[in-house]
Amino acid sequence: MSGEGFVKKTISFCLVTCALCLGMAAAIAQPYPDRPIRFLVGFVAGGAVDLTARTLGQKLSERWGQQVIADNRTGAGGVIVMQIAAKAPRDGYTILMGSSTQFTIGPAMQAGSSAYEPLKSFAPISRAVVSPIVLTVHPSVPARSIQELIQYAKTKPGQLSFASTGSGTGPHIAGVFFVRSIGVDIAHVPYKGGGDAIVALIGGHIPISFGAISTALPHMRSGKLRALGVTEAKRLSIAPEVPTIAESGLPGFEVSQWYGVFAPAGIPGAIVKKLNGELASILALPETRDHLSSQGLEIAYAPPEVFGPYIRSELVKWTRLLKEMGIQGQ
């Protein structure tokens with residue numbers, strides 16, 4: 001083969017190789033997202049976590065032209081969905097609407113034996129909202145204040161029960177704190193989510209419930225249930241007529257819960273950045289704030305570099321508090 005022929009063949013080979021490489025790079029570098037995204041939710045439809053996920057998912061779908069599909073995988077206080085999400089591909093096409101229940105309170109209760117590792121298995125994308133907890137009762141309960149409920153419970157020791165959104169959830173812990181604070185035996189009845197708990201309360205199957213105000217609010221307004229107190233440190237702008245439990249004779253009583261977006265650990269940094277940027281923009285929209293606020297949810301955006309350390313500090317705090325209360329491992 002002549003030198004000239006060898007050079008031509010070498011050049012041709014290089015050109016083909018470059019074309020193949022460019023084609024592969026183009027295939028790999030398809031703009032994210034280029035197909036539907038699964039948005040995992042660990043609680044039933046109709047609850048506050050589900051509402052937040054669907055609100056954000058709809059906005060992401062509108063912006064990206066790709067479906068963001070809510071996928072409710074309920075059970076075990078949100079543990080089942082955590083296990084599913086932790087094993088999902090690290091490609092940004094499976095994200096999770098997580099809560100303080102799943103990332104701090106639940107693991108703190110099961111310190112040393114949790115079914116998953118929240119700090120190692122997940123990448124925080126964005127904190128989204130806080131979801132105030134409210135104590136509500138069925139209208140048949142003859143109490144119109146926290147103090148009246150306490151007195152009523154003392155006349156029926158061991159006969160009353162309270163509903164929550166599941167064992168290890170914020171509402172469950174709020175209920176336990178309340179029961180221990182008043183020194184009366186009130187049994188805990190866990191449900192699969194806020195929607196189920198509210199249905200049971202409205203139906204008269206259970207007299208008392210601790211749950212997200214976003215779920216309870218329509219029924220508070222219709223008179224189907226009665227709100228006696230919120231577990232936040234201050235009254236809520238959405239329901240200013242409802243006093244805090246702390247101001248109702250139990251000073252220092254406070255339990256708060258938050259929801260945020262996560263992905264399996266190991267997701268590419270560029271996807272984390274894009275997801276967080278879009279969520280920050282969506283949460284800043286007046287219509288998003290108005291919609292979530294009307295449901296009792298307050299915007300509490302935080303980026304990954306703030307959200308991650310916050311989760312770590314909350315896990316430490318709740319592990320200590322629950323140990324002091326003697327309710328670890330329940």
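Values in this text are rule-based calculations from the coordinates and carry no lab data. Just so it is clear, the structure is predicted and the values come from calculations on it, not from any experiment. FYI the Cβ positions are ideal-geometry reconstructions off the backbone, even for glycines, and counts take in every protein chain you see.
Check every DSSP H run in the chain and write down those whose alpha carbon atoms cover 27 angstrom or more along the long axis and whose mean Kyte-Doolittle hydropathy is 0.5 or greater.
3-28
Provide the gained length on full extension for the span Ala45 to Ile299, in nm with one decimal, where the gain is 0.36 nm per separating residue minus the Cα-Cα distance. It would help to have the intermediate numbers written out before the result.
On the way: separation 254, 0.36 × 254 = 91.44 nm, distance 2.05 nm.
Residue separation times 0.36 nm, minus the Cα-Cα distance, leaves 89.4 nm.
Which entries of Lys59/Lys323; Lys234/Lys274; Lys224/Lys317; Lys120/Lys323 show an alpha-carbon separation above 30 angstrom in the structure shown?
Pairs exceeding 30 Å: Lys59/Lys323; Lys234/Lys274; Lys224/Lys317.
Rounded to two decimal places and with Rh computed the Kirkwood way over Cα pairs, what is Rg over Rh for the chain?
1.14
Taking a spot 7 Å from the Cα of Val306 along the direction of its beta carbon, which residues of the stretch 262-299 have an amide N less than 16 Å from it?
The answer is 276-285, 298-299.
In whole percent, what relative contact order does the chain give with Cα contacts below 8 Å and a gap of six or more residues? Write out the running numbers ahead of the final one.
Values: 629 pairs, mean separation 82.3, N = 330.
For the chain, the relative contact order is 25 percent.
Relative contact order, percent, of the stretch 25-82 when contacts are C-alpha pairs under 8 Å separated by at least 6 residues?
43 percent
Between His291 and Lys120, what is 0.36 nm times their sequence separation minus the Cα-Cα distance? Round to one decimal in nm.
Answer, rounded to one decimal: 58.2 nm.
Among DSSP beta bridges lying fully in the chain, give the percent that are antiparallel, nearest 5.
60 percent
So what's the back-of-envelope 222 nm ellipticity for the chain, counting only DSSP H runs of four-plus at -39500 (n - 2.57) apiece and dividing by all residues, rounded to 500?
-14000 deg cm²/dmol
Grab the beta carbon distance between Gln147 and Ala88, set R0 = 45 Å, and tell me the FRET efficiency rounded to 0.05.
The pair Gln147/Ala88 has a calculated efficiency of 0.40.
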